[in-house]
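Quick notes on the structure that follows.
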Amino acid sequence: MQVRPPLRFTDQDAREAGDAWGLNCGPAAVCAIVGLTPEEIRPHLGDFELKRYTNPTLMWEILLNLNVHIKGIRGLASNVSQLPWPRWGLARVQWEGPWTKPGVPMRVRYRQTHWVGVNSSNPDNIGIWDVNCLSNGTGWVSLDEWTNSLVPWLLKQCHPKADGKWHLTHTVEIGLPDAG
């Protein structure tokens, strides 16, 4: 049985780190999945504080800086029309809208993305960890709740030109130590 790290920070901790140095969905999702606090991850973030976003290259750098055991990475180069959720790990969500139309440069799409933590060890009950759900005490919600409640709210608040659709662009499965 794999050991799942407990969440070691609160909604208030995330808000304070967001105000102080820009913590957002990418670094927060890593914290949740590997069991770190925002302050513990901060020295491993490369140029995140300068850019304030986490593209896939930076995410892989952060995970390597943390010496996280990566079991597998899937992304655009995988030629998979719909990426599967990782059993335990991270997923990068692309919000769809005018920026995903043919001919729009990839760099324009990158600003309309979101990182979440994932637990799909039970494929009938996939859990999504989202920094925007920390007010529930854990950040974890069901895929159904995330898709039908949080995503519409989040798109309205942050991406008003989004068309309501989304897809995964990258996933990374994280290996955790076995209990024993």
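The values are calculated or read from the model by the stated rules, or taken from the named source; none is laboratory data. Everything numeric in this text was worked out from a predicted model, so none of it was measured. Here the Cβ is made from the backbone with ideal geometry for all residues, glycine too, and neighbour counts use every protein chain on show. Heads up: the accessible areas ignore ligands, DNA and RNA and are worked out on the full protein's heavy atoms, side chains in. Shrake-Rupley method; radii C 1.70, N 1.55, O 1.52, S 1.80 Å.
Structural remarks
- For His170, the residues whose modelled amide H falls within less than 5 Å of its own, excluding neighbours fewer than 5 places apart on the same chain, are Arg92.
- Förster radius 22 Å - calculated FRET efficiency between Thr57 and Trp21, Cβ distance, rounded to 0.05: 0.65
- Computed [θ] at 222 nm, deg cm²/dmol, the chain (DSSP H ≥ 4; -39,500 (n - 2.57); rounded to nearest 500): -7500 deg cm²/dmol
- Order of exposure, largest accessible area first, which applies to Ile41, Ile126 with probe 1.4 Å: Ile126, Ile41
- Rounded accessible area of His159 (nearest 10 Å², 1.4 Å probe): 30
- The solvent-accessible area of Trp88, taken with every protein chain present and a 1.4 Å probe, is close to 10 Å².
- Accessible surface of the chain [probe 1.4 Å, protein heavy atoms]: carbon and sulfur percent: 50
- Local electrostatic count, Arg74, Cβ distance below 14 Å [Lys/Arg +1, Asp/Glu -1]: +2
- Remark: accessible surface ordering of Thr171, Thr57, Thr10 (largest first) is Thr57, Thr10, Thr171, probe radius 1.4 Å.
- Going by accessible surface with a 1.4 Å probe and the largest first, Asp163, Asp11 read Asp163, Asp11.
- In this view, the solvent-accessible surface of Leu58, computed with a 1.4 Å probe and all protein chains in place, comes to about 0 Å².
- Just checking the listed ones, Gln82, Gln157, Gln12: in the Gaussian network model of the chain with Cα springs under 10 Å, the one fluctuating most is Gln157.
- Per residue, the accessible area of the chain comes to 52 Å², computed with a 1.4 Å probe over protein heavy atoms only.
- Charge dipole of the chain (Cα centre as origin; +1 on each Lys and Arg Cβ, -1 on each Asp and Glu Cβ, all else neutral): 660 debye, rounded to the nearest 20.
- For the chain, the longest site-free run once trypsin sites (Lys or Arg not before Pro) in DSSP loop states with at most 16 other Cβ atoms within 10 Å are removed: 53-110
- Mean shadow area of the chain, taken as a quarter of the surface of its Cα convex hull (nm²): 10.4
- Per-residue 3J(HN,Hα) values for the stretch 4-21, derived from phi via the Karplus relation 6.51 cos²θ - 1.76 cosθ + 1.60 with θ = phi - 60°, read 9, x, x, 5, 10, 8, 10, 4, 4, 4, 5, 4, 5, 5, x, 5, 6, 9 Hz in sequence order (x marks Gly and Pro).
- Virtual spin-label span in nm between Lys156 and Thr37, 7 Å along Cα→Cβ: 3.6
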